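Written out below as structure tokens is the structure these notes cover.
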Amino acid sequence: MDRNNLAFDPDAIMDQLADSDLGEDFDDDNDWHPPGQLTNSSSDNEDEQEARNSTVASPSSSNKWIRRRFVGKPMPTLISEPTEEVLTPSEYFDRYFTEEIYELFAFNTNVYYQSSFNKQLNPPVTATEIKKFFGINGILGCIRYPRIKMVWMQRFRLSCIAEAMARERFFLLRVNLHIVDKGSVSPEIQSQNKLWLVQPLIDAVRGRCLQIPRDQSHFSIDEQMVPFLGKCPVRQFVKGKSRPVGLKNYVVTSSKGLVLDFELHQGDTTPLSDRSLGLGPAIVLRLINTLPRGSFVYFDRHFTTIPLLEKMLTLGIEGTGTIITNRFKGYQFPKDSSMNRGDYHEVVNNKKDICVIKWKDSKTVLTCSTAIGAMPIHKVQRYDKVTKSYIEVTCPDMIKNYNEHMGGVDFSDQMMEVYRSWHKTCKWPIKLIMHLFDLATVNSWYEYRQSCDRNKVKNSNIMDFLDFKICVSDFLLGGSTRKRTREEFEEMAKMPSTSHYQLAPIPTIDKRLDGYNHWPVCDSLKAPRCCRVTGCTSRSKVRCTKCNVYLCSTKDKHCFYVFHNEK
């Protein structure tokens with residue numbers, strides 16, 4: 001063999017040494033770098049060197065990083081839970097917005113109006129009106145009007161809203177809506193908590209999120225924006241977000257998008273117990289408090305540091321995330337220009353519990369993990385601008401898992417943005433209240449979907465988010481649980497004025513099963529109408545005054561009872 005003709009391949013030599021019997025001793029004590037490979041003192045360019053010099057030395061800077069394969073840990077398995085009965089949309093939503101919340105809104109709105117105008121609101125705001133207020137905003141998020149006032153105009157009237165509340169009453173509630181009495185909060189609490197005006201609602205929604213069962217599974221942590229352009233003590237600008245200006249909310253979700261906990265950013269007063277590793281790691285440590293040991297958590301480069309991963313290992317939680325280049329020291333990866341698309345470079349620390357991979361797609365990315373390495377290697381489809389076609393690109397397992405499980409917060413944001421309850425207002429508490437309303441609606445839908453999946457409900461019978469939100473809003477618009485007056489009942493009991501029969505739509509499940517004011521009347525019709533119970537072929541003259549549908553009610557058939565009591 002001619003040694004002069006042999007090409008020197010440092011990567012091949014390191015792979016052979018890692019797989020040899022010298023593996024243990026070699027990995028722990030070797031600081032050798034192959035000839036031609038940059039050491040930590042060199043840099044790809046002057047900008048990267050300046051960034052590295054500006055980074056404060058971390059406790060992990062003593063780690064020795066060796067190029068070798070990382071032994072990944074097994075993926076967590078879902079714990080089988082007892083099958084929960086599929087509830088109605090309003091029953092899921094009521095877990096977030098309880099009756100006590102509506103009563104609190106009504107009481108403090110009346111107090112605020114009286115203190116501002118030195119007179120009582122006539123008539124006083126009730127919990128029923130607060131429900132209708134949120135129901136109207138839910139409908140307006142699904143059916144967009146350029147101006148809210150158009151809902152009450154004769155030409156563009158939306159009857160479900162216009163009949164539920166007068167226009168002046170709606171805007172009066174919107175201007176004076178409060179959940180906290182300003183006079184009852186001390187200046188000390190106001191200085192310690194910048195969000196004290198909305199704190200009871202934050203606690204109620206977050207309290208329900210904390211009650212959601214947590215399996216040993218995959219979770220993602222990211223930022224969420226509450227869009228607001230007005231004056232606010234905690235307003236932030238986050239570059240790269242679709243809504244860059246507003247209130248910042250740190251959220252932990254399941255990989256599917258179910259919100260499990262959140263913490264609104266308040267600057268220095270944000271309740272973070274451990275800030276020793278920096279702001280980003282402090283947020284992660286705060287949000288993983290309620291996760292079980294063995295969980296896999298994913299986050300982006302704004303949170304990731306090597307000391308954070310070491311801290312998470314001591315807590316029994318596995319972390320995976322992208323990392324900024326100047327936060328990683330102790331090993332010099334190849335230059336971006338020397339890597340081709342699909343190439344990767346994997347290194348492990350001397351304790352063999354943290355793996356860092358540099359992978360190149362259209363650009364290079366640096367990722368690190370305490371549980372996942374490069375193996376097994378996958379093939380992913382990527383678009384090639386040169387050939388103008390899709391090609392297969394080599395992808396490490398760490399990158400594949402990160403892409404699959406990191407998007408939980410984005411899924412939740414996407415659902416909230418599609419049918420967001422919008423308000424043009426200069427009051428940030430109103431914006432935050434409506435954001436929490438949307439968050440509760442989206443989370444309720446995710447819980448509903450989980451129950452449907454566990455009960456193996458057909459996809460065709462599962463409501464999409466639009467139908468779900470309309471159903472919740474329609475239930476809130478129903479408002480009162482009181483009995484109707486005699487005049488209201490007589491008006492509803494009147495037969496249709498036209499002889500041409502128009503088939504009435506089936507009411508939402510919450511309206512059908514609410515158990516209030518479903519009165520049967522027998523219309524004097526020439527020909528009975530078809531019974532609206534699924535599967536019934538009979539005809540009837542008995543009509544429900546609330547649902548406005550005809551149902552059988554005889555000694556042999558009890559469709560009226562079945563329609564209002566069975567799902």
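Leaving ligands, DNA and RNA out of it, rank His405, His435 by accessible area with a 1.4 Å probe, largest first.
Ranked list, largest accessible area first: His405, His435.
Collect residues whose amide H, placed 1.01 Å from N in the peptide plane, falls under 5 Å from the amide H of Asp261; neighbours closer than 5 in sequence don't count.
Val252
Of all chymotrypsin sites (Phe, Trp or Tyr not before Pro) in region 118-171, which ones are in loop regions per DSSP and have a Cβ with at most 16 other Cβ atoms within 10 Å?
Those satisfying the criteria are Phe156.
Would you please calculate the Kirkwood hydrodynamic radius of region 376-417 over all C-alpha pairs and express it in Å, rounded to one decimal?
12.2
Which trypsin sites (Lys or Arg not before Pro) does region 225-298 hold that lie in a coil by DSSP with at most 12 other beta carbons within 10 Å? Mind dumping the intermediate values first?
Details: sites: Lys231, Arg235, Lys239, Lys241, Lys248, Lys256, Arg275, Arg286, Arg293; in loops: Lys231, Lys239, Lys241, Lys256, Arg275, Arg293.
Counting only loop positions with at most 12 other Cβ atoms within 10 Å, the trypsin sites (Lys or Arg not before Pro) in region 225-298 are Lys231, Lys239, Arg293.
So, in Å, what gap is there between the alpha-carbon centers of region 385-413 and region 335-381?
Comparing the Cα centres of region 385-413 and region 335-381, I get a distance of 14 Å.
Using Cα centres only, tell me the gap between region 148-212 and region 259-293 in whole Å.
27
What is the calculated FRET efficiency for Arg174 to Lys239, with r their C-beta to C-beta distance and R₀ = 30 Å, to the nearest 0.05?
Rounded to the nearest 0.05, the efficiency is 0.40.
Assuming R0 = 30 Å, can you tell me the calculated FRET efficiency for the pair Lys149 and Ser184, based on Cβ-Cβ distance, to the nearest 0.05?
On the way: r = 34 Å, r/R0 = 1.14.
Given R0 = 30 Å and the Cβ-Cβ separation, E is 0.30.
Counting only Cα, what are the radius of gyration and maximum Cα-Cα distance Dmax of region 165-271, in Å?
Values for region 165-271 (Cα only, Rg and Dmax): 16.4, 50 Å.
Asp410 accessible area, nearest 10 Å², 1.4 Å probe?
80
Give, in whole angstrom and from largest to smallest, the semi-axes √(5λ) of the equivalent ellipsoid of region 285-355, with λ running over the eigenvalues of the Cα gyration tensor.
Three semi-axes, in Å: 26, 13, 11.
In square nanometres, what is one fourth of the surface area of the convex hull spanned by the alpha carbons of region 324-410?
6.8
Any idea what diffusion coefficient region 216-272 gets from Stokes-Einstein, in µm²/s, Kirkwood Rh on alpha carbon pairs, 20 °C, 1.002 mPa s?
175
Loop-only check: which GluC sites (Glu not before Pro) in region 97-175 are DSSP coil with at most 12 other Cβ within 10 angstrom?
Sites meeting the loop and neighbour criteria: Glu163.
Give Lys131/Lys511; Lys358/Lys400; Lys311/Lys363; Lys511/Lys541; Lys248/Lys431; Lys424/Lys469 a once-over and call out the pairs whose C-alpha atoms are over 24 Å from each other.
Exceeds cut-off: Lys311/Lys363.
The values are calculated or read from the model by the stated rules, or taken from the named source; none is laboratory data. Computed from a prediction, not measured in an experiment: that's the story for all the values here. In this analysis, Cβ positions are derived from the backbone assuming ideal geometry, glycine residues included, and neighbour counts consider all displayed protein chains. Keep in mind that these areas ignore ligands, DNA and RNA; they rest on the heavy atoms of the full protein, side chains included. Shrake-Rupley method; radii C 1.70, N 1.55, O 1.52, S 1.80 Å.
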